[in-house]
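Okay, so here's the structure we're looking at.
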Amino acid sequence: MQITLDQLKKICPFAPRGFDAYVPYLNKFMPMYGIDTIDKVRAFIAQVAHESGSFRYTSELASGKDYEGRKDLGNIHPGDGVKFKGHGLIQITGRSNHLECGKALGIDLINTPLLLTTPKYAVQSACWFWQKRKLNEIAERNKDGWFIDITKKINGGLNGLRDRQEFWERAMKAIV
């Protein structure tokens, strides 16, 4: 299943110029990571659209200082919180997540975490995360509470749920 720039514009009407650079990578990596049905693609696009502010931000806006010393994220060295704040379309956060993602993608994210801010790796890291967290299975289920379940697995809570649902509603109209 392929997504077009026109569909993406309908889902993200306030996306920045140049966001068309993501389309070829979405079409390359979504199927590689099992994001290959209408329900999966809609859910994935809705969630990454929220996480990235309509493909505007591939680096978390906050400084990352709040992540300092967070052993649950693998942030064990001074400066890890800032260095390994959220990156990519789905905001890969923490030293351990950057390390694991880098190994999976075959790139060094410990020394070059900003690689995740490029369109290619921003998309691929999000697809990797989606598959790793078994979000395809939840999206395919498409039963009561499924969208909330996906949001919790990405965010740890329900931050931005209304915005995510608005992206989902636009995705349902755009991807048919």
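What follows is calculated from the coordinates using simple rules that are stated; it is not laboratory data. These figures come from a predicted structure and were not determined experimentally. Glycine also receives a Cβ, built like all others from the backbone with ideal geometry; neighbour counts cover every protein chain displayed.
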Query raised in the report: What does the charge dipole of the chain about its Cα centre add up to, to the nearest 20 debye, if the Cβ of each Lys and Arg holds +1 and the Cβ of each Asp and Glu holds -1?
Result: 40 debye
Requested in this report: Please name whichever of V123, F84, I107 sits farthest to the positive end of the charge dipole of region 1-130, dipole taken about the Cα centre and charges placed at Cβ: Lys and Arg +1, Asp and Glu -1.
Outcome: V123
**Report entry** Normalised alpha carbon radius of gyration of region 130-176 [divisor 2.2 N^0.38 Å]
**Finding:** 1.13
**Report entry** Debye intensity ratio in log₁₀ form over the Cα atoms of the chain, taken at each q of 0.15, 0.16, 0.17 Å⁻¹
**Finding:** -0.79, -0.91, -1.02
**Report entry** Förster radius 45 Å - calculated FRET efficiency between R17 and K153, Cβ distance, rounded to 0.05
**Finding:** 0.90
Report task. Would you please give the FRET efficiency between R56 and K143, computed as 1/(1 + (r/R0)^6) with r the Cβ-Cβ distance and R0 = 35 Å, to the nearest 0.05? Result -> 0.65
Query raised in the report: Helix 119-132: angle to the longest alpha-carbon principal axis of the chain, degrees 0 to 90, nearest 10?
Result: 90 degrees
Query raised in the report: For the residue pair T4 and R162, what label-to-label distance in nm results when each label sits 7 Å from Cα along the Cα-to-beta-carbon direction?
Result: 3.3 nm
Query raised in the report: Taking a threshold of 27 Å on the Cα-Cα distance, which of the pairs K9/K71; K83/K152; K40/K71; K9/K40; K65/K143; K71/K153 fall above it?
Result: K9/K71; K40/K71; K65/K143
Report task. Inverting the mean 1/r over all pairs of different Cα atoms, compute the Kirkwood radius of region 65-117 and quote it in Å. Result -> 10.6 Å
